[in-house]
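All remarks here apply to the structure that follows.
Just so it is clear, none of the values below were taken in a lab; they were calculated from the coordinates. In this text, all values refer to a predicted model and were calculated from it rather than measured experimentally. Cβ coordinates were reconstructed from backbone atoms using ideal geometry, including for glycine residues, and neighbour counts include every protein chain displayed.
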Amino acid sequence: MHRDPDRGRSRGSHALQRGLTSAFSITGGTALLALLGITVAEVFARHVVGVSLLGAEDLVTMSLTVLVAAAVVYAAQEGGHVSVDLVGRFDGGRAGRVADFLARLLGTGATAVAALALFAKGSCGLECGEVTGSLSIVHTPFYYALGTSMATCSLLLASRMFDRAAGSDADDSREQGV
């Protein structure tokens, strides 16, 4: 059963979350198209022309970074991250809701710490020699993209911590055997 992650939310919160998800989805789609284009060009150049494109690996790596950043937010908004509900199998009531709250609290903290670490690492930039091997693409904007994605994921988790629908969504999924 697919849960509705937006059940029980205000319209403003819903619009903001959907807007963020849409922005990250468009960014991720663009990164995926870039990745596809680079890969096709590299394969063509290597097998038809007999030359490897300089910097193709750098561009692929940076495109994948943006794609992963976008996918993290999209999965958080759509409830696509993997979860196993062991507590709910034994006690689907209060203990399940407490476990859901604690899991969201832990996830919120972990993604917030990850965001801070990524922003700190990204702020070093060229001084720390954080560049790609061939084209010397500075890693700073990619650290910031990942940091923004982790911060957004943290905010999404925090907004769901006190969501009344969270307990009933978990109960619904247990009843369906999910």
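State the answer as a single residue: which of TYR74, THR140, LEU33 lies farthest towards the positive end of the charge dipole of segment 11-175, with beta carbon charges of +1 for Lys and Arg and -1 for Asp and Glu, about the Cα centre. My answer, from the dipole projection, is TYR74.
A simple rule links phi to the HN-Hα coupling: the Karplus curve 6.51 cos²θ - 1.76 cosθ + 1.60 with θ = phi - 60°, which for segment 40-50 gives 4, 4, 5, 5, 4, 4, 6, 8, 9, 8, x Hz, with x for Gly and Pro.
Per-residue packing, averaged as other Cβ atoms within 10 Å, sorts the ranges 18-29, 57-68, 142-153, 40-51 into the order 142-153, 57-68, 18-29, 40-51, beginning with the highest.
Give me the extension gain from ALA110 to LEU135: residue separation times 0.36 nm, minus the current Cα-Cα distance, reported in nm with one decimal.
Full extension of this stretch gives 5.7 nm more.
A straight line joining the Cα centroids of segment 29-50 and segment 117-155 runs 24 Å. Extension gain for the segment LEU126 to GLU78, taken as residue separation times 0.36 nm less the Cα-Cα distance, is 13.7 nm to one decimal.
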